[in-house]
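I have placed the structure first, in the form of structure tokens, so that the comments after it can refer back to it.
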Amino acid sequence: MKTNPNEAEPRRHLLGEELSALRDWLVAGGQAPYRADQISAWIYAKNADAFSQMTNVSKSLRLWLAEHADIARARLAAESTARDGTRKLLLTWPDGQSVETVWIPDGERNTACVSTQVGCPVGCRFCASGLSGLQRNLTAGEIVEQAWRIRRLIGSAGVDADGSHPPRLTNVVLMGIGEPLANYDAVVKAIRIMNASWGLGIGARKITLSTVGLPVQIRRLADEGLQLNLALSLHAADDELRRELIPWGRVPIAEVLAACVYYFERTGREVTLEYVLLDGVNTEQRHAAQLARIARRLRCNINLLRYNPVPGLPYGRPSATAAYAFQRELRARGVNAHIRTSRGSDVEAACGQLRRRETPPRQKAGPA
Ligand code: SF4
């Protein structure tokens, strides 16, 4: 094997490499192109986490790969399992930064909820992650690694009683910590790797990206040729309240909605509205009326989430009665609205809580 063509090049994180780039890198190192297919098959089809497991790869190449590349990079720093089976992992990268990733089992459906940034620039007033601001973006490899780790975890959980349905990762939601569209290039690259047949093989329609709404990036995403589900975290239906709850959300709601309409027209995929119910803040009848007008305009469904209180923040969880009353108001106005259960609520499942427990917050960096 030739030496690395670029001595100054840092170690490659193979979970962040598209097959063509891996092939180019290996060919530049004097290897046959098919080696890239072999290595990808070991990583994705066989879940290998060490080059030594790649028994059809020559020993010299395995040694060279171990010297110049990593398959996975994170250390599992903490793990918790909720009564409903939701498992939450805290992964720490070599630079000491940590992210959370969650496995949500639901019958034959297994969802990985992945983070896209360390911390978050958006600074939603009700969110634990917003308290510490943005630390850094995640790389494509760090995003893919989260889903890959969840898939390995699912694989190690065994098979169904009759053995006919081995559990597998079926869905990925980019709804963890961070604003995916503020880390656009890495996120889209990660989605392509997760979607690829040589990669994690998750259908684009099984991947959901959740955003607070960056119109330029939503339009760009619409033109990527991917058929992702888009979820807009609205949380308030008028500009004034939205700016109060989401300091980053300075763009008028009308502009965000226009971008969502474009997304729907280009992809044919419906946009879903996410609305966190904050007791007494955005749960009145007039809020439901405003929200219904928006949903009718977009012809979209609404997911209502009862807030999980965060220690130190002044927002409360509405009662189930209040949440159902809000849902009824929406339905009375012809809008399809569902109340989503908060999975894993006994394991600090409000985003950012596990990380904050393990990592005392730094001084607030403020919205980017
Ligand atoms: S709710 Fe989401 S977008 Fe808002 S601060 Fe938290 S992680 Fe960021």
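The values are calculated or read from the model by the stated rules, or taken from the named source; none is laboratory data. All values derive from a computational prediction rather than experimental measurement. Glycine also receives a Cβ, built like all others from the backbone with ideal geometry; neighbour counts cover every protein chain displayed.
Note on segment 173-198: residues that are away from the ligand (no atom under 13 Å from the Cβ) and surrounded by 23 or more Cβ atoms within 10 Å (Cβ to Cβ) total 5.
How about segment 92-129: which of its residues are assigned to a strand (DSSP E or B) and within 16 Å of the ligand (Cβ to nearest atom)? Before the answer, list the steps.
Initial filter on segment 92-129 (assigned to a strand (DSSP E or B)): 92, 98-106, 109-113, 117-119.
If the condition is that a residue be assigned to a strand (DSSP E or B) and within 16 Å of the ligand (Cβ to nearest atom), then S98, V99, E100, T101, V102, C113, Q117, V118, G119 are the ones that fit.
Within segment 282-332, the set of residues being outside any loop (DSSP other than H, G, I, E, B) and either within 24 Å of Y262 (Cβ to Cβ) or β-branched (V, I, T) (or both) comprises Q290, L291, A292, R293, I294, A295, R296, R297, L298, I302, N303, T321.
Matching residues to (1) among the hydroxyl-bearing types (S, T, Y); (2) crowded, with 22+ Cβ neighbours inside 10 Å:
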position	(1), (2)
P215	no, no
R219	no, no
D238	no, no
C260	no, yes
T267	yes, no
E274	no, no
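Listed here are the residues, each with its yes/no results for (1) among the β-branched types (V, I, T); (2) modelled with pLDDT under 95.
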| position | (1), (2) |
| --- | --- |
| D162 | no, yes |
| R168 | no, yes |
| V172 | yes, no |
| G176 | no, yes |
| G201 | no, no |
| L221 | no, no |
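Beta carbons closer than 9 Å, at least 6 apart along the sequence or on distinct chains, pair a first residue in segment 224-242 that is on the phi > 0 side of the Ramachandran plot with a second that is not hydrophobic (A, V, I, L, M, F, W, C) for G225/T267; H235/R242; H235/G249; H235/E274; H235/Y275; H235/N282. Go through the residues of segment 137-150 one by one and say whether even a single one is of a type outside the set (F, W, Y), within 16 Å of the ligand (Cβ to nearest atom) and in a loop (DSSP other than H, G, I, E, B). Within segment 137-150, one or more residues are of a type outside the set (F, W, Y), within 16 Å of the ligand (Cβ to nearest atom) and in a loop (DSSP other than H, G, I, E, B). Evaluate the following for L19: is it buried (at least 20 other Cβ atoms within 10 Å of the Cβ) and in contact (Cβ under 8 Å) with a residue 60 or more places away in the chain? No, not satisfied. The one condition from (1) out of contact with any Lys or Arg (no Cβ under 7 Å at 6 or more places or on another chain); (2) touching a residue at least 60 places away in the same chain (Cβ under 8 Å) that H68 does not meet is (1).
Of the residues making up segment 88-124, those that are surrounded by fewer than 20 Cβ atoms within 10 Å (Cβ to Cβ) and farther than 19 Å from V144 by Cβ are G96, P105, D106, G107, E108, R109.
Can you find, within segment 295-316, the residue that is nearest to R269 (Cα to Cα) among those that are surrounded by fewer than 19 Cβ atoms within 10 Å (Cβ to Cβ) and charged (D, E, K, R)? Per the stated criteria, the residue is R299. Is it true that some residue in segment 241-263 is more than 14 Å from the ligand (Cβ to nearest atom), among the aliphatic types (A, V, I, L, M) and touching a strand residue (DSSP E or B) at 6+ places or on another chain (Cβ under 7 Å)? Among the residues of segment 241-263, not one is more than 14 Å from the ligand (Cβ to nearest atom), among the aliphatic types (A, V, I, L, M) and touching a strand residue (DSSP E or B) at 6+ places or on another chain (Cβ under 7 Å), which makes the answer no.
Kindly indicate whether E255 is at pLDDT 95 or above and surrounded by fewer than 21 Cβ atoms within 10 Å (Cβ to Cβ). Against the criterion (at pLDDT 95 or above and surrounded by fewer than 21 Cβ atoms within 10 Å (Cβ to Cβ)), E255 qualifies. Selection of segment 125-137 for residues being over 17 Å from H235 (Cβ atoms) and surrounded by 22 or more Cβ atoms within 10 Å (Cβ to Cβ) yields S132, L134.
Tell me which residues, restricted to segment 326-354, are at pLDDT below 85 and among the basic types (K, R).
Let us first name the residues in segment 326-354 that are at pLDDT below 85, namely 341-354.
The one that is at pLDDT below 85 and among the basic types (K, R): R343.
Report yes if A140 is modelled with pLDDT of 95 or more, within 19 Å of L76 (Cα to Cα), in the same structural domain as E100 (by TED's automatic domain parsing) and buried (at least 22 other Cβ atoms within 10 Å of the Cβ), otherwise no. Yes, satisfied. Whenever a residue of segment 252-271 is touching a residue at least 12 places away in the same chain (Cβ under 8 Å), its partners that are of a type in the set (F, W, Y) and not in a loop (DSSP other than H, G, I, E, B), lying with C-beta atoms within less than 7 angstrom and at least six residues away or across chains, give the pairs E270/F264; V271/Y263; V271/F264.
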